[in-house]
Structure formats: C-alpha cells, structure tokens
Amino acid sequence: MSRLFTSAAVLLCLLSLPALAQKAPAPASDSTLEDELPAEDPEGPAEDPEGDAEAEESGLKLEMEEMFIVANRSKREQFATGRSVDTVSAETLARKSPEALPDALNETTGVHVQKTNGGAGAPIIRGMVGPDNLILVDGVRFNNSTFRTGPNQYLSMIDPWSLERVEVVRGPGSVWYGSDAMGGVINAVTLGHRTPANDFLGASGRLLFNSAVMGGGGSAQADLTSDFTNAFAGGSYLHNGDLRAGGGEMQPLSDYNRFGGRFKASQIVGRNWEVTEAAFWNSLYGAGRTDTLGQGRVRNYDNDDLLSYVRAERFGSGWLHNVQLNLSYHRTRELMSDFRCKTDDNGITLDRDACIGVGQDILKKKAENEDIVHTPGFFATWEARLWDKRLRVQAGGEGYYDLVKSSAREAAADGNWEWKDKDRGTYSDDSTYLSLGAFLGSDVDFVKFGKSRFNLGLGGRVSHFAASAADVPGLGDVDYSNTGLVGTAGLKYLYGDLLNVYADFSQGFRSPNLQESTALGNTGKSFEAPNGSLEPVRSNTLEVGAKVNQQYVRVNAAGFVTWLDNVFERVELTQPEWEALGLTAEDVGDVPVYRRENAASGLYKGVEGGLAVGPFAGVSLWGNTAWVTGDIENAAGEENPASRVPPLMGAGGIKWEDGDLGLYAEFFVRWAVRQDRLAGEDYTDLRICEDPAHPGTLLSKEACDGTPGWVTYNIRAGYSPFDFLDANISLENLADTNYKYHGSGIDAPGFTGMATVSARY
C-alpha cells in the first residue's frame, strides 16, 4: 500500500509541476455574480458577450469562468485578466467545508497558510505575510492600522460559511486598493441571494464533523424573496477541541469556539440601481497560543469582528457602465490574555502541564490587553465603456478612519494577584489613523483583428495617510503623515478565449501602521519599541505570464520579480537606548528590544502556475505549484534570506464526477519540500528552530535545518441524491504524517475524517 501511495504521489507531483487553476461551475443552488444583476437593462447587456460569440464562431463553446472583481476592481471574465488570479468557487467551498477561511486556501496556487495557533491562519503570498497582503470583504477593506506585522489570525475572523467564493490575486494591487496590497489581495465575496423553491421563503443548513479536533458545528440561513426585497439572515457555530497532529501528538490549547451571524438584503430601485445592506458578525473565543510555552509564556486570544455596509450600485452601458457608492463600518475587538509561568535559571518552564493549565501556583504574572478599533469608511467607483466597448475607463476614491481604544492591566503573584490598570495599552488610547486615496485607470484594445486583440492597461493612484498617537513612551505625541503615488502598466495579447499572453508592471506600497510606529510590548521572542519616523515600504513588480483555455486543457503560468525599498528592518537597541524610552528591566524581561527602521531593501522572485486536463468520461487531472525566494539587504550592505519565505510547494489530484448520478470522488496530494534557507530572524524563532529534545531552547544555527518537507494523501467524495441535499466526506492525511507548514507554531492535523451534510428548501 505504501508503494501505491508513493507512486501516486510522484505521478501527481510531476503533473503539478506546471501549477494549476482548477475550474468548477457553481452549483445551481448558489447565486453567481450575474444573479445579483437586475434582470433587464434597457440600455443593453451589462457584460460584453463578445467572448462567447467568438467561441461560437470557432465551433467550440467554452464554459466561461466566474467574473473576477479584485484584480483591477472591475467585473470581467477571469481568463482575460493580465494577472495571476484564482477563484475558490462556491462548489469548492461546499465540498471542502473549511472550518476557517485560511483552510479554504490550502490548495490555491501560491498561497502558503501559516498557523501559529488554533483558530489562526496567515496567508503568505509571494513570500509576504501579515499586513503586506490586503484582505477585502465584498471589496470593503478588512485590514486596519493595528494588524500585527508578521503572521496573525485576522483572516480567520471571516466566516467561510457566509461566503460564495474567494478571489485571490497574487502580486501588487495598490493602484486599485491602496496600502498593504504588496504580496497579494484576497477578496471574500459573501453569499448572494438564493431564490427559495417556493419563490417566497426558504431555508438552508449545514452540519460538520471533524475527527482531528473531535469537534464540529453547523450553519443555518433563512431566505426571503418579495416584491420589495431579497434578503437572508443566518448564523453559524463551531467548536473545536484540541488538535490531534500526525502520529497522535495532541497540540495543547488548540481548542476554540467560533460564533457568527450574517444578514444581507437588496432592493432594485428604478431600472438600473440596486441597493444592498449587509452585516457580518463573528466572534472567536479561547484561541490559545503555546509556541513559547517552553519559555514560560502562554497566551489566549478572544476576538470579535463586525463589518457592515450599505451599497448603491448602478448597472448600465456606455459612459455610465457601472457606478458604486459604498458606506461601511468595521469594528474589531481583541482581548489578549498573557500568562507568565515560573522558569528555571535558564528561562525554561518549570512545569509545562501546569503552565498549560495556567494555575496560580505556577504563574508569576498575568496581563490583559484589550484593543478596540472603530473604522468608518467609504468608497465610490465609476466605470465607462466607450469606442464600441474597446475602451474601459475606471475612476474612484475611498477613505477609512481608524479610532483605537486601548487599555491594559496586570497582576502578579507578589501583589496578591490584585489587578492594576496600566498607564497605556498596546497603543495610546484614542489613537487615530486616516487613509485617503483616489485612482484612475483605463485599458484599451488598441489593435483588434479577427479573434486577436492587443490590450494596453494603465493606472495610477495618489494616497494620503495621517496618524496620531498621544504620549508614546520615549517619543511623546506622535503625528505623522505621508503622501505618495503608485502606477501600473500592462500589455496583453488575447486570441479569443483560447490564449492570453501578458506582461504587467505594478507598484505596491505599505504605509507604516500604528502597530509598527507606536505599539510597545513583548511579542514573545522580543520586545517591540515604537518609531514615529517610519516611511512607507515600496515595491516594483514585473510579472509575465500566459494562460491557455482549450476544451480539455487549461494552463496558466507566470514568473515575477519584485524589488522592495524602504523595507522595515528590526534593529536591536542597546540598554541605554531602550532605557531612554522609559523602559525598565522589569518591563523588558530577558528578551532583546527591537525597533523598526527603514534600513533595508529586498528582492523577491518566483514562478507559479497550474494545469487542468479533462474531463474525459468524467475524469480530470489537476495540479499546481509555486516557488519563491527572497533576499533582504540591510543597512550595512549584508544580504541575507528574507524571513518566513515558504518552500517550493503545490498540490495535485485526479477527480471523477458524474453529474447525472450526483456523485464525485477525488484523490489528491498536498506537498512541500524542506525549507532550510533561513533568515537570521528565523534562527531565533521557536516555531522554526526549537530543540525538540529541550523545549524552550533554540538549536544552534548549525543544527537548525529548518522545516522538513512533507506530502499528504487525501480523498474527497460526495453525493447529491436530490437537488436539495448534499453530503460530502473527506479523509485527509491518510498516512497520519506528522508535519507542519513552514513557520507554524502548531503541527498540522494528522489523519482526519470530515463529514458535512447540507440541505436547502
């Protein structure tokens, strides 16, 4: 049996070397973008049918991919975009039934999902992590100015069961979306309205069980259709116990609970306007973190998130093809509980089990930090289609304003565990952060003959940021602002719906946020000091790629190079320097003190792509892979590997499906090679270089060889006996391999059985 698994893995890995984008039509029960458009448009069709017409003329009618919004903030067919893009479709989400949104991206080309703890999941795109990647919900900015640098858990705050699809663009999107969009952009598109079977009132539900965490949950939703509105309301609940990793090792404090609610309603106003009101609430409680347990530290995170918006959208044609006006409000709350356990003279936990239980007999100190961020925002966009639809012009503006409420308290054993309020939380209370931006872009088919088109795209953006924080330790009142420009230019050659060859140059940037410029505190392996003089990080990316979309073969491949300037480098402060900031040895503890400075530059490069073949008699093959490498040059001119860059990785599989019988089955592998190309910072990270024989102790630089490579074998299958009922099962990590994604703080699940049942009326 092991030889069979190994042979299959080798074959699938070879098939996946050109990376793949798997395409699957959305099930009839799920709404698509077209379902959200008004039924009639007196001025003409909302989308250009030219691609379908050309396919008909060629004698080959190709199934069009979903409309892709996030690549350049415009609704258009995914294949025609001049960027590396992928969609996790409604069907894929239903079949995978991910417990958290990061899990939905595990087989997406070029997306590496790092997990520090249960309930977390940070996507790494083209080597960049945390606020270097922008998250959107229905096009509304999800990032705020307190998102932690490096891996964080915020993507997990979006309920995957509230989504219709997830759009991913790899590479900069700053011209269209502003700060943070350097590594890539993830747009979580929420459910559209589903017309009930009786055309008035309907309901749907889902149940999930996961053996790896001996947990599960469910989701329920009610849909309403009337002459005045289309609406739905629903909620979800998930409970996960402690995670069982490969080989049976339990991951302590990896259990958590998640609650969610959702509401969305839309009305057609007049002939061309649609008004949508939406609200999405999610809470994640009890997410423990133990990656520094060996050094006597355990943390617990409770997070609440509320995102709501009101949107008016006009659909038309010609010079007023599409108009969107959006007002939003986003509230985040994070309560971090920090427990410090007694350690020996070498700083190693005296009793790991007692520390996990955070009993007062083992504790020497505990603290709580609460941060609440209120973010009102707006955006307005306009698109025109001129010159017989050969010219598209887009323009827009947006603004978001963060108001931060921050507090902290602590208690110690030598103070009889009496809580004492601290003068300052993670941030100065009432800190603010304003971001404003406006963009203008266009693309034109400047040469067109037969099925061939040459398309030129140009775009630019001006952005302004202003931050304010009072009484920052060592700095006093901090007020800073910056204004800058970015641009993009792309050239495409398209031959009908069969071939797309493109070259794109895009600039990205990230303005320093409040976490980097004003935050103060212990992050686990270091103590972070503020710097109110940081300037934005900027990037220039050149990408070339090609896409082929034939009846039985679909291929995409791209290569890129990214140059970074003004990179934030963590510079260690001497004791006199951090004492000048008002810090004491008691504040700092036994960890080094760092401050970020614009003192480095970087170079990232990589290749990525995907292949799908079939279906032949219901059988299809798919695979994808991505490779990226990065180097950072510090102020002294020394060049070293960039931190947390993922290894060569990919996925591939073989699938059989019979729509008439309502059956499908799929065997697939996920894999990654060893990552031993480490940054200096990686060697000090217990998540990468902890000595397994002596937890809490780092291996020497010579002994640490990074994260081992791995491969998992997996099966999915499903049956839809009726139009209203679906059942899906998956058996993952069949060999019960012990492994983890590079940089993760917990191991990945061992052998896992998952089952979901969904029904709708």
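Please treat every number below as a calculation from the coordinates, not as lab data. Remember, it's a predicted structure, so these values are computed and weren't measured experimentally. Note: ideal-geometry Cβ built from the backbone for every residue, glycine included; neighbour counts use all protein chains shown.
Expressed as a fraction of 2.2 N^0.38 Å, the rule-of-thumb size for a compact globular protein of N residues, what is the C-alpha radius of gyration of the stretch 707-761?
Here the answer is 1.52, to two decimals.
What does the charge count around LEU224 come to, taking other residues whose C-beta lies under 12 Å from its C-beta (Lys +1, Arg +1, Asp -1, Glu -1)?
Counting the neighbours of LEU224, the net charge comes to -1.
Of the listed values (1) 152; (2) 202; (3) 238, grab the one calculated as volume of the Cα convex hull per residue in Å³ from the structure here.
(1)
For GLY184, list long-range residues whose amide hydrogen, built 1.01 Å from N in the peptide plane, is under 5 Å from its own amide hydrogen.
LEU134, GLY171
GLY234: net charge of surrounding residues, Cβ under 12 Å, Lys/Arg +1, Asp/Glu -1, itself excluded? It would help to have the intermediate numbers written out before the result.
On the way: positive: ARG194, ARG206, ARG262, LYS264, ARG760; negative: ASP159, ASP223.
Charge balance in the 12 Å sphere: +3.
Calculate for the chain the 222 nm mean residue ellipticity that helices alone would give, adding -39,500 (n - 2.57) per DSSP H run of length 4 or more and normalising by residue count, nearest 500 deg cm²/dmol.
Mean residue ellipticity, 222 nm, calculated: -1500 deg cm²/dmol.
With the dipole of the stretch 2-760 worked out from charges on the C-beta (+1 for Lys and Arg, -1 for Asp and Glu) around the Cα centre, which of LEU514, ALA612, TRP382 lies farthest toward the positive end?
Of LEU514, ALA612, TRP382, it is ALA612.
Just name one of THR229, PRO160, LEU494: the one whose Cα is farthest towards the positive end of the charge dipole of the chain (beta-carbon charges, Lys/Arg +1, Asp/Glu -1).
LEU494
Normalised by the number of residues in the chain, what is the relative contact order in percent for Cα pairs under 8 Å and 6+ residues apart? Walk me through the numbers on the way to the answer.
On the way: 2196 pairs, mean separation 104.0, N = 761.
Result for the chain is 14 percent.
List the pairs from LYS96/LYS448; LYS389/LYS547; LYS96/LYS264; LYS264/LYS655 whose alpha-carbon separation is above 31 Å, in the order I gave them.
LYS96/LYS448; LYS264/LYS655
Roughly how far apart, in whole Å, are the Cα centres of the stretch 245-323 and the stretch 579-608?
30 Å
Could you tell me which residue out of VAL588, ASN566, VAL544 lies farthest along the dipole of the stretch 531-607 toward its positive end? Charges go on the beta carbon: Lys and Arg +1, Asp and Glu -1, centred on the Cα centre.
Farthest along the dipole direction, towards plus: VAL544.
Please sort 466-474, 692-700 by packing, taking for each peptide the average over its residues of neighbouring beta carbons within 10 angstrom, highest first.
With the highest mean Cβ count within 10 Å placed first, the list reads 466-474, 692-700.
Can you tally the net charge around TYR480? Count Lys and Arg as +1, Asp and Glu as -1, for every other residue whose Cβ sits under 12 Å from the Cβ of TYR480. Write down the numbers at each step before the final one.
Working: positive: none; negative: ASP477, ASP479, GLU516, GLU535.
That sum, taken over residues with Cβ under 12 Å, equals -4.
Which of the three applies to the stretch 174-226, rounded, prolate or oblate, going by the alpha-carbon gyration tensor with a ≥ b ≥ c and a/c under 1.5 meaning rounded?
oblate
Leaving out same-chain residues fewer than 8 places away, which lysines sit with a Cα under 19 Å from that of LYS364?
Output for LYS364: LYS342, LYS420, LYS422, LYS525.
Nearest 20 debye, what's the magnitude of the dipole of the stretch 2-760 about its Cα centre given +1 on Lys and Arg Cβ and -1 on Asp and Glu Cβ?
Approximately 940 debye in magnitude.
In whole Å, what is the distance between the alpha-carbon centres of the stretch 110-131 and the stretch 692-707?
22 Å
Determine the relative contact order of the stretch 204-303: mean sequence separation of Cα pairs under 8 Å and six or more apart, normalised by residue count, in whole percent.
Across the stretch 204-303, relative contact order equals 19 percent.
Highest first, please rank the peptides 126-139, 346-359 by the mean number of other Cβ atoms sitting within 10 Å of their residues.
126-139, 346-359
Using packing as a proxy for protection, rank 742-749, 244-251, 414-421 so that the peptide with the highest average count of other Cβ atoms within 10 Å comes first.
On the way: 742-749: 23.5, 244-251: 16.6, 414-421: 9.8.
The peptides rank, most packed first, as 742-749, 244-251, 414-421.
Just to confirm the number: angle between the C-alpha axis of helix 2-15 and the first principal axis of the chain, 0 to 90 degrees, nearest 10?
So the inclination is approximately 60 degrees.
What is the gain in length, in nm to one decimal, between ASN416 and ALA635 on full extension, counting 0.36 nm per residue of separation less the C-alpha to C-alpha distance?
74.1 nm
Sequence gap at least 6, Cα distance under 8 Å: using those rules, report the relative contact order of the stretch 302-357 to the nearest whole percent.
It comes to 32 percent, rounded to a whole number.
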